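One structure below.
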Amino acid sequence: MSEYNVISCSVLSEKQKSDALQLWNEAYPTTLHLKDLEDLDAYLASLGDPKHRLYYISRALIAWFWDFDREGERWFAMMVSKTYRGRGVGSKLLRDALNMNPDLVGWVIDKPGYKHADGGPYRSPLEFYLKHGFQILDQRLELPNLSAVKIARFFT
């Protein structure tokens, strides 16, 4: 990854929230888009003990990783700007995160048919996580606008 600045925090500033909202709506399929900062604030308020790592190049947020407590487990989510996908940024984020917390779980969209805001297809990151040692658990999230599988990586 090029020269970048990593900001670690438990609470996002207003600028960081604005950057994160923009990245969220670029990286996730349209079914998961947030309308505004109020939606993002509501989501962030639902997280237990959040830890954020924001990766900036110059003043542009290129990636965001966060983990948090939920139901006795350490959950995570991450996203990388389209411009930086395929350049090792996601692998770097995940390595950094796993060095701090080797036991992580999350939801991953695993079915086709989702679209980005620009109309392009959303590509499931499931293979990426499997390559990094995550396993598929026997638990699914089935909502009207979302189908995902639970994944986990536990330190052994």
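The values are calculated or read from the model by the stated rules, or taken from the named source; none is laboratory data. Worth saying up front: this structure is predicted, and the values here are computed from it rather than measured. Neighbour counts are summed over all protein chains in view; Cβ atoms, including those assigned to glycine, are modelled from backbone coordinates with ideal geometry.
Worth a mention:
- Summed over region 107-120, residues that are farther than 18 Å from Gly90 by Cβ and either of a type in the set (D, E, K, R) or not in a loop (DSSP other than H, G, I, E, B) (or both) total 3.
- Filter pass, Ala97 being small (Gly, Ala, Ser), in contact with a helix residue (DSSP H, G or I) (Cβ under 6 Å, 6 or more places away or on another chain), outside any strand (DSSP E or B) and modelled with pLDDT under 95: no
- Note on region 5-62: residues that are of a type in the set (D, E, K, R), exposed (fewer than 14 other Cβ atoms within 10 Å of the Cβ) and touching a residue at least 40 places away in the same chain (Cβ under 8 Å) total 0.
- Residue list for region 87-118, restricted to those being free of Cβ contacts under 8 Å to residues at least 24 places away in the same chain and either in contact with an Asp or Glu (Cβ under 7 Å, 6 or more places away or on another chain) or small (Gly, Ala, Ser) (or both): Gly113
- Considering residues of region 74-83 that are free of Cβ contacts under 8 Å to residues at least 40 places away in the same chain and out of contact with any Leu (no Cβ under 6 Å at 6 or more places or on another chain) only, the residue nearest to Arg59 (Cα to Cα): Thr83
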